[in-house]
Amino acid sequence: MSDLFDLSGKTAVVTGGAKGVGAMISRSLVAAGAQVLIVARPSSENAAFAASLGGDGECRLLGHDLSTSDGVSGAVAEIAGITDRVHILVNNAGTFTASPIEDITPDQWDRELAVNLRAPFFLVQGLLPQLLEASHEGDPGRVINIGSIAALWAKSSSAYAYSAAKGGLHQLTRALASDLTRRGINVNAVAPGFFPSDMTDGFFTAVPGLKEQMIAGIPAGRLGGEADIGGTVVFLSSKAGAYVSGAIIPVEGALWSA
């Protein structure tokens, strides 16, 4: 069974992999044996996180802003200079704002769609040679898009651009799976519910009692944890997930169904 989930010798790219859910995914992939390249905006905090996961090649930070086309192409070029094989691409980087309809600006809308939807597609396009090179019979390359429960239910929370982008990401996942699975690349999405992050911590600090109220509405009775999201990504990346493609997997403690 340990061999079934072993990722030793594999290279994974995780966008936004130094904070929140992305950090949980990066830690889990390193623990499973993968070399992880984190693509995130350059900062001392992000660099320190990557270094904490392994200074001898297990984890590296590649500093790029994926909200711009130049940032995406720069990330693709740097990855290509490091390795000719990308076994796992996790499109996790995202941005979120919630505003009344009247207050949303075109710049805000465009940035959220750029990070949450445009960047994942062009990273897949740009890294296609490395994903194909990493694929072999019985062990395809993997693209794992991190969607959201916000794209599954009809509750907006005034996060219009975010939920629209994540809905697009779910459909992009299906479309890419339809085309790429036959070429040896599995494409799946994970739709997380509520997990600890800078964003949720800020909400909980600002509104006393909100955390308890939120947890009360989750049938599982808790927020998601590292084992939940990390385990799902490791499964999809491993031999155990080799026959799964085109799936949207909710990881939300049955909140969507409640």
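Let me have the 222 nm mean residue ellipticity of the chain computed from DSSP H runs of 4+ only, each contributing -39500 (n - 2.57), with the sum over all residues rounded to the nearest 500.
It comes out at -12500 deg cm²/dmol, rounded to the nearest 500.
Compute the relative contact order of region 163-258 as a whole-number percentage, counting only Cα pairs closer than 8 Å that sit 6 or more residues apart in sequence.
Values: 106 pairs, mean separation 39.9, N = 96.
Computed value for region 163-258: 42 percent relative contact order.
Explain nothing, just the number: relative contact order of region 12-141, from Cα pairs under 8 Å at least 6 residues apart, as a whole percent.
Reported as a whole number, the value is 25 percent.
Starting at the first residue of region 26-38, write each ³J(HN,Hα) from the Karplus equation 6.51 cos²θ - 1.76 cosθ + 1.60 with θ = phi - 60°, in whole Hz, x for Gly and Pro.
Result, ordered by residue: 4, 4, 5, 5, 4, 4, 7, x, 7, 7, 10, 9, 8 Hz.
Summing Lys, Arg as +1 and Asp, Glu as -1, what charge do residues with Cβ under 15 Å from the Cβ of S99 carry, S99 excluded? Intermediate results must be reported in sequence, preceding the final value.
Details: positive: R111; negative: E102, D103, D107, D110, E112.
With Lys, Arg at +1 and Asp, Glu at -1, the neighbours total -4.
Compute, for region 187-258, the length of the dipole vector about the Cα centre, with Cβ point charges of +1 (Lys, Arg) and -1 (Asp, Glu) only. Units Debye, rounded to 20.
Values: 3 positive and 6 negative charges, 42 e Å.
Using only the charged Cβ atoms, the result is roughly 200 debye.
Grab every C-alpha pair in region 100-217, bin the distances at 5 angstrom width from 0 up to the longest one, and report whole percents.
Calculated P(r), rounded to whole percents: 2, 10, 16, 18, 17, 14, 10, 7, 5, 2, 0.
What three numbers, in Å, describe the spread of the alpha carbons of region 215-256 along their principal axes, ordered from the longest?
36, 19, 9 Å, listed from the longest principal axis down.
Going by how many other Cβ atoms sit within 10 Å of their own, how do R118, R182 line up, fewest first?
Fewest-to-most ranking of R118, R182: R182, R118.
For every other residue with a beta carbon closer than 10 angstrom to the beta carbon of G193, add +1 if it is Lys or Arg and -1 if Asp or Glu, then tell me the sum.
In short, -2.
Multiply the residue gap between H136 and E58 by 0.36 nm, knock off their C-alpha separation, and tell me the result in nm, one decimal place.
Using 0.36 nm per residue and subtracting the Cα-Cα distance, I get 25.8 nm.
Taking the alpha-carbon centroid of each part, what is the distance from region 120-175 to region 58-91 in angstrom?
Between the Cα centres of region 120-175 and region 58-91 lies a distance of 16 Å.
Counting Lys and Arg as +1 and Asp and Glu as -1, each charge on the Cβ, what is the dipole of region 1-112 about the Cα centre in debye, to the nearest 20?
I would put it at about 360 debye.
Where Lys and Arg each count +1 and Asp and Glu each count -1, what net charge lies around G246 among other residues with Cβ under 12 Å from its Cβ?
On the way: positive: R174, R182; negative: D179.
With Lys, Arg at +1 and Asp, Glu at -1, the neighbours total +1.
Roughly what % antiparallel, to the nearest 5, for the DSSP beta bridges in the chain?
Percentage antiparallel, nearest 5: 5.
So what is Rg over Rh here for the chain, counting just Cα atoms and using Kirkwood for Rh?
Rg/Rh: 0.95.
Explain nothing, just the number: relative contact order of the chain, from Cα pairs under 8 Å at least 6 residues apart, as a whole percent.
Values: 500 pairs, mean separation 52.7, N = 258.
Relative CO of the chain lands at 20 percent.
Given Cβ point charges of +1 (Lys, Arg) and -1 (Asp, Glu) and nothing else, what value in debye, to the nearest 20, does the dipole of the chain about its Cα centre take?
Dipole size: approximately 440 debye.
Within region 104-152, report the GluC sites (Glu not before Pro) that DSSP leaves as loop and that have at most 16 other Cβ atoms within 10 Å.
E137
Every read-out reported here was derived from the displayed coordinates using simple, explicitly stated rules and does not represent laboratory data. Fair warning: this is a prediction, and the values are worked out from it, not measured in the lab. Reconstructed Cβ throughout: ideal geometry from the backbone, glycine too, with neighbour counts over all protein chains shown.
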